[in-house]
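Have a look at the structure below before the remarks.
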Amino acid sequence: MKKLEIGSGNKPKEGYLHFDIRKDINVDVVGDAKNLPFENNSFEEVFSRFFLEHLDRKDALKVLSEIFRVLKNNGKLELIVPNLNYFCRLFIDETGQKKQWALNKIYGFENYFEDHHFFGYDFEILSNFLNEIGFANIEKLESEEQYLHVICYKN
Ligand SMILES: C[S@@+](CC[C@H](N)C(=O)[O-])C[C@H]1O[C@@H](n2cnc3c(N)ncnc32)[C@H](O)[C@@H]1O
């Protein structure tokens, strides 16, 4: 398969090879994304949704460099993460359930060990990370305001 999903969890995207750190869920390959068990230039696309925020800054950069390594030239990375700006505003402006939702999206739901958030992103911060690794043509796609949906390329 030429397309890889990292951190697919319980909502794997159809058409991708599914990779996750947890052994107790149904994925194709179990492992830590900091050391992807794939050859250089293996995949045309990598997709990851609600995963990168589960890593601290150092680990996120390590994972992005691993993704860069396993992507073919001109390969595409597609990322979806919570929009930290949105949830910070929600936390400040709201009370009750909406405030609690904001906390969950900033710090994680904490349902299992890997379910903590160690960092957060807006488009500027995420672009800086992607640029640092060498990704190009970084573009923010239209999406619901609470999420950042970004694509970029290895070229
Ligand atoms: C919030 S879930 C997202 C699941 C799914 N992508 C979705 O859209 O709902 C985050 C996933 O990342 C996985 N994960 C966390 N740290 C990881 C790591 N270092 N390497 C691989 N997967 C990891 C977790 O096990 C979990 O399944």
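Values quoted throughout were computed directly from the atomic coordinates according to the rules given, and no laboratory measurement underlies them. Keep in mind it's a predicted model, so treat the numbers as computed, not measured. Cβ placement follows ideal geometry from the backbone for every residue including glycine, while neighbour counts extend to all protein chains displayed.
Ranked from highest to lowest mean number of other Cβ atoms within 10 Å per residue, what is the order of the peptides 96-105, 43-52?
43-52, 96-105
Nearest 500 deg cm²/dmol is fine: what mean residue ellipticity at 222 nm does the chain get from its DSSP H runs of n ≥ 4 alone, each adding -39,500 (n - 2.57), divided by its residue count?
-9500 deg cm²/dmol
Provide the percentage of antiparallel DSSP beta bridges, counting only those with both residues in the chain; round to the nearest 5.
Close to 40 percent.
For each pair in Lys34/Lys99; Lys13/Lys34; Lys3/Lys154; Lys76/Lys140, compute the distance between the two Cα atoms and list the pairs where it is over 23 Å.
The answer is Lys34/Lys99.
Taking amide H positions as placed in the peptide plane 1.01 Å from N, state which residues far from Asn83 in sequence (5 or more) or on other chains have amide H under 5 Å from it.
It is Tyr147, Leu148, by chain and number.
Per residue of region 36-42, in order, report the coupling 6.51 cos²θ - 1.76 cosθ + 1.60 (Karplus, θ = phi - 60°) as ³J(HN,Hα) in whole Hz, putting x for Gly and Pro.
5, x, 9, 5, 4, 6, 9
Rounded to whole Hz and in sequence order, give me ³J(HN,Hα) for region 91-101 from the Karplus expression 6.51 cos²θ - 1.76 cosθ + 1.60, θ = phi - 60°, writing x for Gly and Pro.
Coupling constants for region 91-101: 4, 6, 8, 10, 10, x, 4, 5, 5, 5, 4 Hz.
Could you put Lys154, Lys34 in order, starting from the residue whose Cβ has the fewest other Cβ atoms within 10 Å? List each step's numbers first, then the result.
Details: Lys154 22, Lys34 14.
Fewest-to-most Cβ neighbours within 10 Å comes out as Lys34, Lys154.
Just Asn128, Asn35, Asn111 to compare: in a GNM of the chain, with alpha carbon springs under 10 Å, which one fluctuates most?
Top of the fluctuation ranking is Asn111.
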